[in-house]
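Peer 1: Have a look at this one.
The values are calculated or read from the model by the stated rules, or taken from the named source; none is laboratory data. Worth saying up front: this structure is predicted, and the values here are computed from it rather than measured. Glycine also receives a Cβ, built like all others from the backbone with ideal geometry; neighbour counts cover every protein chain displayed.
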Amino acid sequence: MTPENITRVSDRKNESGHVMVYTVMSVLVLFLAVGLGVDLSHLYLAKTELQNTADAAALAGASALTLPDSPRITTAVDRAIDIMNQNKYNFDNRSYDVVMDRTAQRTLVEFAVNLNGPYMSEAAAAAAPDDIRFIRVATPPVPISIFFSFPILGSSRNLDARATAGLSVPGNVDLCPAPLAVIDCGNLGNACVDEKGNPYHLAGTCNTGGPLPNPDGTTCDPDKQLCRNCVYTIRAAPSGGPAPGNFHGLCCPGVDCDAEWIRQRLAGGKCTECPEISPGVEVTPTTKPGINAGPVRQGINTRFDEYNGGTPPLNPIDNPPDPNIATDGDDGITWAEYQAGSPFQAPSHTPQAGRRILIFPITPFNTWNDANGRDTVTVSSLGGFFLQKKVGNGNDGAIQAEYVGGDVLSFVGLNPTGPGQTNVVTPVLYR
């Protein structure tokens, strides 16, 4: 061995291993950095799951804010809690009711008249439900485990989420109401008479419990007004009504609304020919007495999974049935029974929610006094009606529909610079 080699070996023997220490420390720091990234990603995903739950629960609760006064707030909380507990967190592994029982969860649901509050409890909102338009839902605080970076973040972190939903402002665009008019005496009361002085009767037949009060709290008369929880004949025989000889069908200006047009519109086909409808708009009734019985029946009954007639024929792809087509005998089912899902009958084709709700233009009685099928009438508002049963055969087959109110759950947009607003609203997720 040469002197030079002896010197190199001697130098290595004097090394103390500092590089090994630095290497180990670097690995530890790298491990903690990677672990921190994994844990932060885990927390982010868990927070997203919580937020999705809060959003769904708030929208579910808001869907009840158009119900009658007495069950409105309680039902909103019930729906929000039910939807919350149908979801899970922490990679779909844990349930919310394990962290907090459902009775305690009700305190996480609050209500307000205005979006910015103040928000109140379920009991306070139930005492004055008329003006409630917003619901805020929070999830229970849930522990999320920390796997790698517990020296920095601890063994777990509590996370929660909240969301606010409510009824949209009334809209004035993108609404295609059914092409049949509903006639209302409005505020005319006993003065609701025809040009010969004969009284006109809406002849509303109410479900068990009778008519619900008007939105302003006054008593609703189903013979002179459209009352919630009451059923009305939307299409009468040609000899009746203030416009003898026609079925109160409404055409769009400049449109030849033949039988096929009526059929397609009532089936829910695309509405491309008509202008946007708002209160105060004048529309022209159809002038084809007697020809609409078949088209009305065929168009409406697609919503009950029944398809026949038309060129081209009506089909369940363009006009799907409602998820519940139950009718339960000659009288059909009520809106309350439909909401409760009892009785229930599933269709044979792929359904679409809300198909048994129709939005009809409401026209004041006195605008029809001279409307024998050729004049114009005025749309005063828009109302939601629930189809209790299918339309029967023949000219005497009538649409029996239950009035469910003006705040209808239906898509409608708002153009702030546009004309007058409709009274149709929809649940909206605000934040």
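Peer 1: Do the conditions hold for GLY392, that is, is it closer than 25 Å to ASN214 by Cβ and either modelled with pLDDT of 80 or more or in a strand (DSSP E or B) (or both)?
Peer 2: no
Peer 1: Restricting attention to region 105-123, which residues are part of a helix (DSSP H, G or I) and free of Cβ contacts under 8 Å to residues at least 12 places away in the same chain?
Peer 2: Scanning region 105-123 gives a single hit, ALA123.
Peer 1: Here's something else I'd like to know. Quick check on region 117-131. Is at least one of its residues closer than 20 Å to ALA56 by Cβ, under 23 Å from the mean Cα position of the chain (by Cα) and not charged (D, E, K, R)?
Peer 2: Checking region 117-131: at least one residue is closer than 20 Å to ALA56 by Cβ, under 23 Å from the mean Cα position of the chain (by Cα) and not charged (D, E, K, R).
Peer 1: For region 188-202, state whether one or more residues are assigned to a loop (DSSP other than H, G, I, E, B), at pLDDT 85 or above and farther than 29 Å from ARG79 by Cα.
Peer 2: Checked against the condition, which is being assigned to a loop (DSSP other than H, G, I, E, B), at pLDDT 85 or above and farther than 29 Å from ARG79 by Cα, region 188-202 yields no hits at all.
Peer 1: For the subset of region 291-329 comprising residues that are of a type in the set (S, T, N, Q) and at pLDDT 85 or above, which member is surrounded by the fewest Cβ atoms within 10 Å (Cβ to Cβ)?
Peer 2: Only one residue tops the list, namely ASN315.
Peer 1: Out of the residues in region 37-67 that are hydroxyl-bearing (Ser, Thr, Tyr) and either over 30 Å from ALA340 (Cβ atoms) or touching an Asp or Glu at 6+ places or on another chain (Cβ under 8 Å) (or both), which is surrounded by the most Cβ atoms within 10 Å (Cβ to Cβ)?
Peer 2: Taking the candidates together, the pick is THR66.
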